[in-house]
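The values are calculated or read from the model by the stated rules, or taken from the named source; none is laboratory data. Because the structure is a prediction, the values reported are computed rather than measured. As a convention, Cβ positions derive from the backbone with ideal geometry for all residues, glycine included, and neighbour counts pool all protein chains shown.
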Amino acid sequence: MKILLGSIKYGRELGYKHNTARIWTACPNCQRERWVTLCKGKPLTPRCGSCSAKIRLHNRGKDCHLWKGGRVLNTQGYIRIYVASDDFFYPMSGKRVYVLEHRLVMAKHLGRCLHRWEIVHHKNGIKDDNRIENLQLSTNGSHSLSHSKGYRDGYQQGYLDGQSNQLRELKNEIRLLQWQIKTKELVS
């Protein structure tokens, strides 16, 4: 029994788990007929899976309609840069063909790809400040030591700054009290 194009049935009638409306339609590229979920009176996906995959292969990187220049800010605050598959630094990219910008800047400065165990440290702590003078190459162990030393030194410096601020405030308060005492003596 041949099903007519445009026929609509519900998922349970067809053996699907969800009872959403489905339409019998043909792929515009290969004319393969199949059941597709119906959304607002139209097929949810006009093309079949294999034709969609072929189109997706060509719509990557700069060819994609969602392309925004290849710079993405990730949730940790670091900038990720798109690296094409023919780029020298492509081996540094992960599964998503993006490289952390600070690692890419350091690799370009050194003229080689970085190893996974090499860590690029932001000296000023600002994660999107990727100037080469702000970056320092280190290993995991030395990076951890320098971080803890930075916190320790920062705490000590903050403690000393706090003490000097307190001393300054106390000196100002003493001057104010001395001035008030002098003005009371002059009045009486």
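What to note about this one:
- Some residue of region 109-130 being of a type in the set (Lys, Arg), over 30 Å from Glu13 (Cβ atoms), surrounded by 13 or more Cβ atoms within 10 Å (Cβ to Cβ) and in contact with a helix residue (DSSP H, G or I) (Cβ under 6 Å, 6 or more places away or on another chain): yes
- Residue that is among the charged types (D, E, K, R) and touching a Phe, Trp or Tyr at 6+ places or on another chain (Cβ under 9 Å), where the choices are Arg12, Arg22, Arg56: Arg22
For every residue, the table says whether it meets (1) in the same structural domain as Ala21 (by TED's automatic domain parsing); (2) touching a Leu at 6+ places or on another chain (Cβ under 8 Å); (3) within 28 Å of Cys30 (Cα to Cα).
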{"position": "Pro46", "(1), (2), (3)": "yes, no, yes"}
{"position": "Gly69", "(1), (2), (3)": "no, no, no"}
{"position": "Phe89", "(1), (2), (3)": "no, yes, no"}
{"position": "Gly94", "(1), (2), (3)": "no, no, no"}
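- Options Ser142, Ser93, Ser50, Ser85; residue that is under 30 Å from Asn19 (Cα atoms) and of a type in the set (Ser, Thr, Tyr): Ser50
- The number of residues in region 80-110 being closer than 15 Å to Asn130 by Cα and assigned to a strand (DSSP E or B) comes to 4.
- Subset of region 50-70 (residues that are modelled with pLDDT of 80 or more and within 21 Å of the chain's Cα centre (by Cα)): Trp67, Lys68, Gly69, Gly70
- Just one of (1) assigned to a loop (DSSP other than H, G, I, E, B); (2) in contact with a Phe, Trp or Tyr (Cβ under 8 Å, 6 or more places away or on another chain); (3) of a type outside the set (Lys, Arg) fails for Gly77. It is (2).
- Only residues that are surrounded by fewer than 11 Cβ atoms within 10 Å (Cβ to Cβ) and modelled with pLDDT under 90 were counted across region 71-85, and they come to 1.
- Qualifying residue in region 144-163 (condition: basic (Lys, Arg) and modelled with pLDDT of 90 or more): no
- Every condition in (1) surrounded by fewer than 11 Cβ atoms within 10 Å (Cβ to Cβ); (2) touching a strand residue (DSSP E or B) at 6+ places or on another chain (Cβ under 9 Å); (3) in a loop (DSSP other than H, G, I, E, B) is met by Pro46 except one, and the failing one is (1).
- Residue in region 111-125 that is β-branched (Val, Ile, Thr) and not in a helix (DSSP H, G or I) present: yes
- Per the conditions (1) part of a loop (DSSP other than H, G, I, E, B); (2) among the hydrophobic types (A, V, I, L, M, F, W, C); (3) exposed (fewer than 13 other Cβ atoms within 10 Å of the Cβ), the sole criterion not satisfied by Ile55 is (1).
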